[in-house]
Amino acid sequence: MRYVVIGNPVAHSRSPQIHSAFAAQFGLADFQYERLLLPVDGFTEGLCRFVADGGGGCNVTLPFKEEAWRCCDRLSERARAAQAVNTIRVEPNGKLYGDNTDGAGLVADLLRHVSLAGKRILLLGAGGAARGVILPLAAEKPAEIVIANRTAAKAQELAQAFSGQAGVPLSGMDFDAVSGAFDVVVNATSASIGGNALPLPAGVFAPGALAYDMYYSADETAFLQQARESGAAIRLDGLGMLVGQAAEAFFLWTGFRPEVAPVLAELRTSLQ
Ligand code: ATR
């Protein structure tokens with residue numbers, strides 16, 4: 001069966017390496033996974049062609065996650081909440097089932113290091129990446145989730161949109177308004193891509209805090225450097241989230257739950 005990761009650009013994607021390693025864990029010789037570059041205005045057409053050619057499913061990356069959400073026939077609850085789809089399974093009748101495994105990937109990676117129950121979580125950013133992880137984080141029953149964003153209105157809107165479903169206190173504000181110390185601080189802004197630190201008030205990292213940057217790179221990201229200098233004890237980049245979301249997608253397609261740790265270790269080595 002043929003699977004692809006669709007994006008633009010997509011040449012940098014690590015997903016083929018990850019999924020090949022997963023398939024090898026189960027000896028799935030007929031599992032093929034490739035990159036598929038589509039024109040920015042050609043996602044739906046390219047996806048239809050892939051399905052017509054017998055494709056089994058795909059991952060979707062920037063800038064197509066929202067368009068993928070619009071064109072699926074059926075959505076998981078978490079994809080509906082995220083308003084974005086990163087995994088599509090082609091059903092036997094050719095219909096498209098859309099899921100979003102990003103939040104599950106993040107939470108699985110966090111839980112490998114700390115428990116989230118009763119913790120104060122600070123979520124930085126209020127774009128698509130933040131939206132997709134709010135409910136999966138809330139499901140772990142933290143004491144509260146504070147969303148902070150450069151544009152405060154977007155953080156407030158997001159908090160309001162999810163406050164009915166989250167089951168934990170949610171609030172949105174700008175960076176200046178954040179007060180108190182947090183056990184877990186997750187960077188879902190794209191600031192690290194540009195190498196920018198964030199204007200966080202002093203003292204946001206509680207003693208022993210975990211800092212998580214959804215972005216990853218071979219070098220320490222700007223946010224993780226800031227977290228280290230501010231005393232965050234545990235600092236993780238988004239490579240574990242990447243492998244975690246892939247593991248969820250692989251399970252959706254094949255019914256097999258792969259081991260994440262060895263694949264993450266291999267990927268980390270190949271990043272250096
Ligand atoms: P994504 O889908 O990756 O979340 P996005 O929807 O464009 O991308 O959102 C990017 C997020 O990063 C936003 O929260 C943005 O803040 P604004 O809402 O104020 O634009 C945040 N962001 C990007 N660059 C930033 C920077 N240099 N400093 C602070 N926040 C930044």
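Rule-based calculations on the coordinates, nothing more; no lab input. Remember, predicted model here, so these are calculated numbers, not experimental data. Note that we place each Cβ from the backbone using ideal geometry, even for glycine, and neighbour counts take in every protein chain shown.
Between the beta carbons of Met173 and Asp219, assuming R0 = 25 Å, the FRET efficiency works out to 0.25 to the nearest 0.05. Ordered from longest to shortest, the equivalent ellipsoid semi-axes for region 161-271 are 27, 20, 12 Å, each the square root of 5 times a Cα gyration tensor eigenvalue. In this simple spin-label approximation, Ala233 and Asp53 carry label points 7 Å from Cα along the Cα→Cβ vector, and these lie 5.1 nm apart.
The value of relative contact order for the chain, using C-alpha pairs under 8 Å at least six residues apart, is 15 percent.
Hey, what D do you get for the chain in µm²/s if you plug the Kirkwood alpha-carbon radius into Stokes-Einstein at 4 °C and 1.567 mPa s? Mind dumping the intermediate values first?
Details: Rh = 19.0 Å.
Stokes-Einstein gives a translational diffusion coefficient of 68 µm²/s.
If a/c stays under 1.5 just call it rounded; otherwise compare a/b with b/c (prolate if a/b is bigger, oblate if not). Do that for region 103-237, with a ≥ b ≥ c from the square roots of the Cα gyration tensor eigenvalues. Rounded, because the longest to shortest axis ratio a/c is under 1.5. About the centre of its Cα atoms, the chain shows a dipole size close to 280 debye [charges on the beta carbon of Lys, Arg (+1) and Asp, Glu (-1) only; nearest 20 debye].
Charged neighbours of Ala218, selected by a Cβ distance under 10 Å, balance to -2 (K, R count +1; D, E count -1). Compared with the alpha-carbon gap, the fully stretched path from Glu45 to Gln165 is longer by 39.7 nm at 0.36 nm per residue.
Model label points for Ser190 and Arg112, set 7 angstrom from Cα along the Cα-to-Cβ axis, are 2.7 nm apart. Our helix-only sum for the chain, with -39,500 (n - 2.57) per DSSP H run of n ≥ 4 divided by its residues, gives a mean residue ellipticity at 222 nm of -11500 deg cm²/dmol. Bridge orientation summary for the chain: considering DSSP beta bridges with both residues in this region, about 20 percent are antiparallel.
The lysines whose alpha-carbon is closer than 25 Å to the alpha-carbon of Lys65, local same-chain residues fewer than 8 away aside, are Lys95, Lys154.
How many Å³ per residue does the convex hull of the Cα positions in region 1-42 occupy?
Numbers: hull volume 2.0 nm³, N = 42.
Output value, Cα hull per residue: 49 Å³.
Please give the FRET efficiency for Glu77 paired with Ala202, using the beta carbon to beta carbon distance and R0 = 35 Å, rounded to the nearest 0.05.
Values: r = 39 Å, r/R0 = 1.10.
The value I calculate is 0.35.
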